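K.L.:
Shown below is the structure under consideration.
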Amino acid sequence: MLKEKIEKALNEQINKELYSAYLYLSMSAYAETLGMPGTANWMKIQAQEELSHANKFFDYVHERDGKVTLMPIDAVPNEFGSVKQMFDKVLEHEQYITASINNLVDIAIEINDHASRSMLMWFVDEQVEEEASAQAIIDQLNMVEGKGHGLFMIDKELGSRTFTDPTQEA
Ligand code: OFO
């Protein structure tokens, strides 16, 4: 049985993961308006990943005989500036999510909830990957200064991303 404090925080995290999906879907739509189909693809797959994160928390709360309470999802921006500015926002958002996951770990430790702490370690590792992949794209965009042939090539590369549910990987 989940203690109330962590149940509430896990429900808030489900909301943050759904907000993340909504944010990246909005970035995907915005990338389409920029004529950047590869970036739009990358963002859309990122949105799918966020849904899988939300589902992992959703299932975990039920596994522990807790109650999932879905809350309203905040509105997301619809404009994100240049491609580089958009990926800066991706990294910033992922850093915010990392802090939120770390806070959940702190709560699990505080209330001696070893099962939640163990489950959350998956997310701690996932956030390292999430931040690293955004940073790697920012580094590439910095190299080409966000324009010309280089930008075209980066967009092409982002177009090759396919969805693999990270929660199902070994
Ligand atoms: Fe992007 O990691 Fe979940 O939110």
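Just so you know, all these numbers are worked out from the coordinates, no wet-lab data involved. Here the structure is a predicted model, which means the values were calculated and not measured. Cβ: placed from backbone, ideal geometry, glycine included. Neighbour counts: every protein chain shown.
K.L.:
Would you check if there is a residue in the range 123-143 being part of a helix (DSSP H, G or I) and hydroxyl-bearing (Ser, Thr, Tyr)?
P.N.:
yes
K.L.:
Okay, moving on. Only residues that are exposed (fewer than 14 other Cβ atoms within 10 Å of the Cβ) and closer than 20 Å to Ile138 by Cα: list them for the range 158-168, please.
P.N.:
Once the filter is applied, which keeps residues that are exposed (fewer than 14 other Cβ atoms within 10 Å of the Cβ) and closer than 20 Å to Ile138 by Cα, the range 158-168 yields Ser160, Thr162.
K.L.:
Mind listing just one residue for me: the one in the range 81-98 that is within 15 Å of the ligand (Cβ to nearest atom) and either at positive phi or of a type in the set (A, V, I, L, M, F, W, C) (or both) and, of those, surrounded by the most Cβ atoms within 10 Å (Cβ to Cβ)?
P.N.:
Phe87
K.L.:
Another question about this same structure. Which count do you get for residues in the range 19-60 that are away from the ligand (no atom under 16 Å from the Cβ), of a type outside the set (Asp, Glu) and assigned to a helix (DSSP H, G or I)?
P.N.:
Summing the residues that are away from the ligand (no atom under 16 Å from the Cβ), of a type outside the set (Asp, Glu) and assigned to a helix (DSSP H, G or I) in the range 19-60 gives 9.
K.L.:
Given the criteria more than 16 Å from the ligand (Cβ to nearest atom), under 17 Å from the mean Cα position of the chain (by Cα) and assigned to a loop (DSSP other than H, G, I, E, B), does Thr69 qualify?
P.N.:
no
K.L.:
If you don't mind, another one. Please find, among Lys44, Lys5, the residue that is among the basic types (Lys, Arg) and either touching a His at 6+ places or on another chain (Cβ under 8 Å) or free of Cβ contacts under 8 Å to residues at least 60 places away in the same chain (or both).
P.N.:
Going through Lys44, Lys5 in turn, just one is among the basic types (Lys, Arg) and either touching a His at 6+ places or on another chain (Cβ under 8 Å) or free of Cβ contacts under 8 Å to residues at least 60 places away in the same chain (or both): Lys44.
K.L.:
Here's a follow-up. Could you list, in sequence order, the residues of the range 108-120 that are surrounded by 13 or more Cβ atoms within 10 Å (Cβ to Cβ) and either within 12 Å of the ligand (Cβ to nearest atom) or free of Cβ contacts under 8 Å to residues at least 40 places away in the same chain (or both)?
P.N.:
Matches in the range 108-120: Ile109, Arg117, Leu120.
K.L.:
Related question: Against the conditions (1) within 15 Å of the ligand (Cβ to nearest atom); (2) under 26 Å from Ala40 (Cβ atoms), where does Val105 fall short? Just the number, please.
P.N.:
Checking Val105 against (1) within 15 Å of the ligand (Cβ to nearest atom); (2) under 26 Å from Ala40 (Cβ atoms), the one that fails is (2).
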